[in-house]
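Here, each number is a calculation from the coordinates, and none is a lab measurement. It should be emphasised that the depicted structure is a prediction, and the values quoted were computed from it without experimental measurement.
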Amino acid sequence: MPRHQRGRVSASSPAGSQRQLRVGELVRHAISDILAQGNVHDPVLEGRLVTVPEVRMTADLKLATIYIMPLGGGDVGDVVAALERNRKYLRGEIAHRVNLKFAPDIRFRADERFDEAERIERLLQTPAVKKDLDKPE
């Protein structure tokens, strides 16, 4: 293995490089703190708790995709729209809190993993699937 590749995770791996993961986690903590402190003045976000389960960074660290989920679900589209409206402010706050050469551009997406897990659980409970799962091997 060439010397320059030892001890590094390939940037083409699905999880991304160690640097992408580390910066994503720093951005996740920063945006979580900003939202928890109620610093975003938007009627849709006021009094609403929003979780940030994941932030994915591009390989060049110039774009952060921030996955969010309002606690209690519901109105996810409204929350994403409110965060997008306040993107400039949030990007500036992230720049102050995360020490990077350039502040990444940010975009917000609804975290759909919970919906997908619920859909799979319902599927596993259907009679046809239960019958297949209960078959002896």
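Enumerate the calculated ³J(HN,Hα) couplings along region 38-54 in order (Karplus 6.51 cos²θ - 1.76 cosθ + 1.60, θ = phi - 60°), each rounded to whole Hz, writing x wherever the residue is Gly or Pro.
x, 6, 8, 8, 9, x, 5, 8, 5, x, 10, 8, 10, 9, 10, x, 7
Given H placed 1.01 Å from N in the peptide plane, which residues other than close sequence neighbours of F108 have an amide H under 5 Å from its amide H?
Under 5 Å from the amide H of F108 lie the amide H atoms of I66, each far enough along the sequence or on another chain.
With just the Cα atoms defining each centre, how far is region 86-100 from region 32-48? Give it in Å.
Answer, in whole Å: 15.
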